[in-house]
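Here is the structure we will look at.
The values are calculated or read from the model by the stated rules, or taken from the named source; none is laboratory data. Quick caveat: nothing in here was measured; it's all calculated off a predicted structure. Note that we place each Cβ from the backbone using ideal geometry, even for glycine, and neighbour counts take in every protein chain shown. For accessibility, only protein heavy atoms count, side chains too; no ligands or nucleic acids. Shrake-Rupley method; radii C 1.70, N 1.55, O 1.52, S 1.80 Å.
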Amino acid sequence: MKSIQTPRDLAINGASPAFEEPLHVGRPNIGSRENFLELAGQILDQHWLSNNGPMVRKFEQRVADYHDVRHCVAMCNGTVALEIAIRALGLEGEVIIPSYTFIATAHALSWQAITPVFADIDITTHTLDPAAVRRMITPRTTGIIGVRLWGRSIPVEELQSIADEHDIPLMFDSAHAFGCSYKGKMIGNFGACEVLSFHATKFFNTFEGGAVLTNDDKLAETMRLMRNFGFSGLDNVIHPGTNGKMTEIAAAMGLVNLDSIDEMVEANRLNYMTYRDELDALPGIRLLSYDGSERNNYQYIVIEISNECTASRDHIIKGLHAENVLARRYFWPGCHNMTPYKELYPHSGLVLPNTQQVADRVILLPTGTTINKDIIQTITSAIRALTAGAQ
Ligand code: T4K
């Protein structure tokens with residue numbers, strides 16, 4: 001790794017890149033290879049590869065126990081888990097979500113001919129602003145989906161009372177929040193249900209995968225049937241279902257990764273602390289903090305570049321990419337500016353000022369078990385040099 005002291009040392013100014021191989025924001029964390037191969041062998045021996053097999057059932061129990069919740073319904077990915085939860089709750093018409101989220105939150109609705117209605121976020125937490133949600137309610141609103149962006153807190157009580165006032169369900173897209181708590185209680189225990197993603201780039205992965213956590217027995221049962229085409233018994237279909245089943249090999253990966261979950265969180269926490277120390281004194285750069293009184297997974301290193309910074313957000317991104325640091329602008333430009341939704345609401349930006357501002361300011365930096373202190377010090381020295389130099 002080269003040493004970056006001044007703007008002259010930057011790849012964007014002609015020097016060689018700091019890293020030979022690209023550094024990703026979310027390289028998969030992988031637990032014991034030996035244990036995984038052992039479980040893979042068991043799956044082959046048992047000749048049971050999918051459809052509620054023994055690995056999936058064990059995995060569901062462990063994830064439910066981990067979150068202290070009654071049910072974990074495992075699925076093939078987080079998007080299908082969202083779709084099934086939305087369908088099982090009977091949502092239709094319009095559903096309120098933030099625009100500042102991964103596009104899957106909106107797609108899971110529009111894929112089922114439900115209109116996503118975008119409400120603005122709180123500028124500091126990056127999650128739904130209850131006052132904005134209130135403003136977007138119409139007679140066609142049938143539900144609210146809060147997104148626990150970056151695994152951070154969301155105003156659960158205020159959102160729940162809006163939902164209760166209008167007699168509509170509240171659910172959460174908790175794709176980022178595996179292993180996090182809110183006011184001391186594990187996520188999965190709030191609203192009607194909460195949806196997880198176990199995609200390869202999430203700090204806890206099952207290759208691809210997702211799940212819905214809920215304490216509602218009936219809802220859990222409906223979702224279990226829906227993920228298997230709606231079959232109840234061999235020849236009897238009682239719901240419009242889909243194929244949302246998790247495979248045994250995905251569940252095996254999940255079981256192995258669960259064994260290493262504490263080390264994965266600790267690696268993320270140490271990375272977060274190093275970033276915090278290194279970026280502390282840089283004007284115009286704010287590292288989003290984690291609330292130390294809650295359980296966190298520390299999986300996202302999110303910085304916001306304000307106008308006080310001498311370099312623009314996109315200049316920093318360009319400079320980091322030149323160093324082979326593939327920092328990301330998640331979730332720019334906001335769902336409302338993506339083609340399918342832009343056409344639906346050409347003027348929605350007018351009611352989403354905080355979304356626009358945050359989406360224009362955020363950068364995500366690499367973390368996870370493949371990132372260490374030396375790497376972070378090189379990344380942050382590049383950011384320091386980039387902000388000391390050009391626009
Ligand atoms: N709700 C929210 C709030 C979400 O953030 C997501 C997913 C969902 C719902 C839906 O859950 P899933 O249906 O995905 O389970 C990603 C992921 O595709 C997506 O899962 C995730 N959120 C979103 C935040 O990010 P990209 O474009 O960053 O991922 P991808 O696959 O291009 O990978 C990023 C980089 O990581 C690559 O450039 C290379 C590296 N990588 C990737 C993979 C897949 C690896 O090193 N190894 C790998 O195996 O979208």
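State whether one or more residues within the range 1-17 are more than 28 Å from ILE383 (Cα to Cα), open to solvent by 50 Å² or more (accessible area, probe 1.4 Å) and assigned to a helix (DSSP H, G or I). So far as the range 1-17 goes, no, none of its residues is more than 28 Å from ILE383 (Cα to Cα), open to solvent by 50 Å² or more (accessible area, probe 1.4 Å) and assigned to a helix (DSSP H, G or I).
Within the range 50-90, being hydrophobic (A, V, I, L, M, F, W, C), more than 16 Å from the ligand (Cβ to nearest atom) and not in a helix (DSSP H, G or I) holds for VAL69, LEU89.
So which of ILE363, ILE383 ends up being open to solvent by less than 20 Å² (accessible area, probe 1.4 Å), part of a strand (DSSP E or B), touching a residue at least 24 places away in the same chain (Cβ under 8 Å) and not hydroxyl-bearing (Ser, Thr, Tyr)? When all the criteria are applied, what remains is ILE363. If you go through the range 326-343 and pick out every residue that is under 19 Å from ARG286 (Cβ atoms) and not aromatic (Phe, Trp, Tyr), you end up with 3.
When GLU208, GLU263 are checked against the criterion of being within 24 Å of TRP150 (Cα to Cα) and either modelled with pLDDT under 95 or within 14 Å of the ligand (Cβ to nearest atom) (or both), GLU208 stands alone in meeting it.
Within the range 314-346, the only residue that satisfies the criterion of being away from the ligand (no atom under 16 Å from the Cβ), farther than 24 Å from TRP111 by Cβ and without any contact (Cβ under 8 Å) to a residue 60 or more places away in the chain is ASP314. Scanning for something modelled with pLDDT under 95 and more than 30 Å from TYR182 (Cα to Cα), does the range 316-329 turn up at least one residue? Checking the range 316-329: not a single residue is modelled with pLDDT under 95 and more than 30 Å from TYR182 (Cα to Cα).
Quick grid of which residues meet (1) within 16 Å of the ligand (Cβ to nearest atom); (2) at pLDDT below 95; (3) within 28 Å of THR369 (Cβ to Cβ):
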site	(1), (2), (3)
ALA18	no, no, yes
ILE30	yes, no, yes
GLY41	no, no, yes
TRP48	no, no, no
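Looking only at residues in the range 267-287 that are within 26 Å of ILE30 (Cβ to Cβ) and open to solvent by less than 30 Å² (accessible area, probe 1.4 Å), the one that is farthest from the chain's Cα centre (by Cα) is THR274. Tell me, please, whether a residue that is in contact (Cβ under 8 Å) with a residue 24 or more places away in the chain, over 18 Å from the mean Cα position of the chain (by Cα) and on the phi > 0 side of the Ramachandran plot can be found in the range 114-134. No. Among the residues in the range 104-119, are any open to solvent by 40 Å² or more (accessible area, probe 1.4 Å), in a loop (DSSP other than H, G, I, E, B) and within 26 Å of PRO346 (Cα to Cα)? Checked the range 104-119: at least one residue is open to solvent by 40 Å² or more (accessible area, probe 1.4 Å), in a loop (DSSP other than H, G, I, E, B) and within 26 Å of PRO346 (Cα to Cα).
Flag: ALA163 does not match the condition of being within 16 Å of the ligand (Cβ to nearest atom) and either in contact with a Gly (Cβ under 8 Å, 6 or more places away or on another chain) or open to solvent by 40 Å² or more (accessible area, probe 1.4 Å) (or both). For ASN297, the criteria (1) assigned to a loop (DSSP other than H, G, I, E, B); (2) loosely packed, with under 15 Cβ neighbours inside 10 Å hold in every case but one, which is (2). Looking at MET246, MET253, MET223, MET264, just one residue is crowded, with 22+ Cβ neighbours inside 10 Å, of a type outside the set (Lys, Arg) and assigned to a loop (DSSP other than H, G, I, E, B), and that residue is MET246. Looking at the range 314-334, can you tell me whether even one residue there is part of a helix (DSSP H, G or I), of a type outside the set (Asp, Glu) and under 24 Å from GLY78 (Cα atoms)? Scanning the range 314-334, I find no residue that is part of a helix (DSSP H, G or I), of a type outside the set (Asp, Glu) and under 24 Å from GLY78 (Cα atoms), so the answer is no. Report, by residue number, each residue of the range 121-153 that is open to solvent by 10 Å² or more (accessible area, probe 1.4 Å) and part of a loop (DSSP other than H, G, I, E, B). The answer is ASP122, ILE123, THR124, THR125, ASP129, ILE137, THR138, PRO139, ARG140, ARG152, SER153.
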